[in-house]
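Novice: Pasting in a structure now, in structure tokens, and then I'll have a few things to ask.
FYI, it's all coordinate maths here, none of it is from the lab. Quick caveat, the model's predicted, so the values are computed rather than measured. Cβ placement follows ideal geometry from the backbone for every residue including glycine, while neighbour counts extend to all protein chains displayed.
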Amino acid sequence: IPVVEVPTKPFAGQKPGTSGLRKRVPEFQQKHYTENFVQCILDAGLGSKKRGSQLVVGGDGRFLTMEAVNVIIKIAAANGVSRLIVGQNGFLSTPALSHLIRKGHEGKPVDGGVILTASHNPGGPKGDFGIKFNCDNGGPAPDHVTDAIYTATTKIDKYFSAEELSCDFTVPGRNEYEVDKYGKFVVDVIDSVNDYVNFMSTIFDFAKIKRLLTGELTGRKFRVLVDSMHGATGPYVSTLLVDHLGADSNDLLRTVPKPDFGGGHPDPNLTYAKTLVDKMKGGDYDLGAAFDGDGDRNMILGKESFFVTPSDSLAVIADNVDAIPYFRSKKVTGFARSMPTAGAVDLVAKAKGLEVFETPTGWKYFGNLMDAQRIALCGEESFGTGSDHIREKDGVWAFLAWLQILAERRESVPQIVQAHWKKYGRNVFTRYDYENVDAAGANLLMTFLEAQFPAFVGRQLSANGVTYKVAVADNFQYKDPIDGSVATKQGLRLVFEDGSRLVFRLSGTGSAGATIRLYVDSYIPADDAQRLCAPAQDLLKPLVLIALDLCKMEQFTNRTAPTVIT
Ligand code: VG1
Ligand code: CO
């Protein structure tokens, strides 16, 4: 098969954001657009390891996946990559792909992976597509790598392609080709689900979870309701829950992955997973979960739709690590959370005498800490929870972790969470998202707010008769304790004297316009019986009002209400 050199020109804006390059599908469909980016991933992402490398390729099955896999196969072959491990039909959840990288292939290490997803963003012909490069540790490329990829996209003048190579990756099995210049090129098409399911069986005690679900453990069936939102988790969840754990397949919703997610917005939150929230309210189910498009996010609900904030979910898992066989078999050294995530896990770390780290938003910042074995468990308020079993957040893993804890404790979700608050106090959290606002207005809001920061410190701010005094006002900066790299401008942060916080950020995962995220959290001590279990929106109302007033939200965005409240 000949290798052809195709002349091309740079496209503006191929800059990876919080998690890969995400754009509208038509943008990716421009001639050479996808090819350019893939060539730059291979050159800048792999560097001197490109020739002879092995890569895993797959994604959440969204519109354009098949075309993109074809492009990757042809360009990889023409660049001297020796082998691609491709999920059948190009399908792999993000956590499953991370695992496949770490596992190695037929005894040889894998050098990285390409994930085709725009995660929680809608899909379809007018929706979003995305491409993300992961490194040989299984995790998203760190900033210096994505910066190098971006720089390459601004200079590219040609890419290489084995145009004539055609590979049917709908059928599992080995495909071998002879490529000019490089020789043998292999595409191994693998079952998308098996490896991940087997891996989960080594992390959790399936027999015990099964006894919980079937009722053997407590004398009463434990019912789960799971919403895969037509994203990547469906096949994994069906195999795990029905084939291995004895759940009823009728209790698994939207398990068939669809290129447009059935027209939905595959983001597992209270707004976009409302069907699940409503069904859980009936009280028939003990545990509810929803996952995003690529399967790395999770929302956890208890009976009657008791909402577990992701910040609390992380803390509860941290407090109960001993319930999970995987953690029992290793030394748990520390935990981490992203900066906007409420600090509930910090209190658990303190009680256990472990380290805790506060990182910028995005899973890539946890990688070094996990590789250095400083943390075993981490999470983000954006429905991301995971551990060092892989280097991505893992929705299905989080759900299994909850099941394992529930099997161990034999209490309900609300009982476990409320007991946690009574032990540690409660880190009440809410997030307001203003999606798709005008980008100019959003940028002005941030500039306007930051300009006032120096004057904020020491000031008293009040709303609804409650007053808070500003202790810190800054733009969050993070120095990686492992490699010393520094990430600046990671979010505007106001910390009050009582520890309450307001954080303002612009999203880095959108494809058009801007999304403003306002994060609010406050601590209620364990002995404040009156407020401990009150609704979060009531407890945080004064802080929200202060925040909206300070940033002049309505003036800058013309929005009187957020798109999503968590
Ligand atoms: C969002 C979340 C962040 C998460 C990222 C990727 O980023 O806030 O916590 O890591 O999405 O998640 P941003 O920049 O839009 O706030 V996923 O499931 O979309 O890969
Ligand atoms: Co995701």
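Novice: Can you give me the C-alpha center-to-center distance between region 162-193 and region 1-53, rounded to a whole angstrom?
Specialist: A separation of 20 Å, based on Cα centres.
Novice: May I pose another question? Starting from 0.36 nm per residue, how many nanometres of slack lie between Ala207 and Gln537 once their C-alpha separation is accounted for?
Specialist: 114.9 nm
Novice: Compute the FRET efficiency between Arg459 and Val6 as 1/(1 + (r/R0)^6), taking r as their Cβ-Cβ distance and R0 = 56 Å, and round to the nearest 0.05.
Specialist: 0.45
Novice: For the Cα atoms of the chain, what angle does the longest principal axis make with the long axis of helix 439-456, in degrees from 0 to 90, nearest 10?
Specialist: Roughly 50 degrees between the two axes.
Novice: Here's a follow-up. Could you state the principal axis extents of the C-alpha atoms in region 195-424, from the largest down, to the nearest angstrom?
Specialist: 43, 41, 34
Novice: Given the options Ala471, Leu445, Phe456, identify the residue whose Cα lies farthest towards the positive end of the charge dipole of region 402-509 (+1 on Cβ of Lys, Arg; -1 on Cβ of Asp, Glu).
Specialist: So the residue furthest toward the plus end is Ala471.
Novice: Pull up all non-local amide H partners of Val3: gap of 5 or more, or a different chain, and H-to-H distance under 5 Å with H placed in the peptide plane.
Specialist: Counting only residues 5 or more places away or on other chains, the set is Asp180.
Novice: Rounded to the nearest 20 Debye, what is the dipole magnitude of the chain about its Cα centre when Lys and Arg each give +1 and Asp and Glu each give -1 at the C-beta?
Specialist: Dipole of the chain, to the nearest 20 debye: 560 debye.
Novice: Could I ask something else about it? I'd like the FRET efficiency for Asn250 and Leu270, computed as 1/(1 + (r/R0)^6) with the beta carbon distance as r and R0 of 25 Å, rounded to 0.05. Could the numbers behind the result be given before it?
Specialist: Details: r = 24 Å, r/R0 = 0.94.
Computed FRET efficiency for Asn250 and Leu270: 0.60.
Novice: Pop out the ³J(HN,Hα) list for region 261-270 in order, Karplus 6.51 cos²θ - 1.76 cosθ + 1.60 with θ = phi - 60°, rounded to Hz; leave Gly and Pro as x.
Specialist: Computed from phi, the couplings for region 261-270 are 6, x, x, x, 10, x, 10, x, 10, 5 Hz.
Novice: So what's the angle, to the nearest 10 degrees on a 0 to 90 scale, between helix 536-551 and the longest Cα principal axis of the chain?
Specialist: For helix 536-551, the angle is close to 70 degrees.
Novice: Per residue and in Å³, how big is the convex hull formed by the alpha-carbon atoms of region 432-566?
Specialist: 140
Novice: So if we plug the beta-carbon distance of Val472 and Asp322 into 1/(1 + (r/R0)^6) with R0 = 30 Å, what FRET efficiency do we get, rounded to 0.05?
Specialist: 0.30
Novice: How far is it, in nm, from the label point at Lys184 to the one at Asn443 when both lie 7 Å from their Cα along the line to the Cβ?
Specialist: In this crude label model, Lys184 to Asn443 measures out at 5.2 nm.
Novice: Let me understand region 214-294 better: what is its radius of gyration from the alpha carbons, and its Dmax, in angstrom?
Specialist: Over region 214-294's Cα set, Rg and Dmax evaluate to 12.8, 41 Å.
Novice: For Val57, enumerate residues with amide H under 5 Å from its amide H, sequence gap 5+ or separate chain, H modeled in the peptide plane.
Specialist: Ile85, Val86, Gly87, Val114
Novice: Right, another one. Provide the net charge surrounding Val237, with neighbours chosen by a C-beta distance below 12 Å and charges set as Lys +1, Arg +1, Asp -1, Glu -1.
Specialist: Once positives and negatives cancel, what remains is -2.
Novice: While we're looking at this one, here's another question. Subtract the Cα-Cα distance of Ala451 and Thr333 from 0.36 nm times their separation in residues, and report this length gain in nm to one decimal.
Specialist: Stretched out fully, the Ala451 to Thr333 stretch lengthens by 38.5 nm.
Novice: Quick one: in the chain, what % of C-alpha pairs are over 48 Å apart?
Specialist: Of all Cα-Cα distances in the chain, 9 percent exceed 48 Å.
Novice: State the answer as a single residue: which of Ala534, Asn250, Ser119 lies farthest towards the positive end of the charge dipole of the chain, with beta carbon charges of +1 for Lys and Arg and -1 for Asp and Glu, about the Cα centre.
Specialist: Value: Ala534.
Novice: If each residue of separation counts as 0.36 nm, what is the full-extension length gain between Arg223 and Leu550 once their alpha-carbon separation is subtracted? Don't jump to the answer; show the numbers that get you there.
Specialist: Numbers: separation 327, 0.36 × 327 = 117.72 nm, distance 4.50 nm.
Contour length minus Cα-Cα distance gives 113.2 nm.
Novice: What is the local net charge at Lys49, summed over the other residues whose Cβ is closer than 15 Å to its Cβ (Lys, Arg +1; Asp, Glu -1)?
Specialist: Here the count lands on +1.
Novice: Next up: Given H placed on each backbone N at 1.01 Å, which residues far from Arg426 in sequence or on other chains put an amide H within less than 5 Å of it?
Specialist: Here Ile524, Ala526 satisfy the definition.
Novice: Continuing with this model, one more query. Dipole of the chain (Lys/Arg Cβ +1, Asp/Glu Cβ -1, origin at the Cα centre): which of Pro259, Pro325, Thr153 lies farthest to the positive side?
Specialist: Of Pro259, Pro325, Thr153, it is Pro325.
Novice: Of the peptides 175-185, 477-487, 365-375, 112-122, how do they stack up when ordered by the mean number of other Cβ atoms within 10 Å, highest first?
Specialist: Going by the mean number of other Cβ atoms within 10 Å, highest first, we get 112-122, 365-375, 175-185, 477-487.
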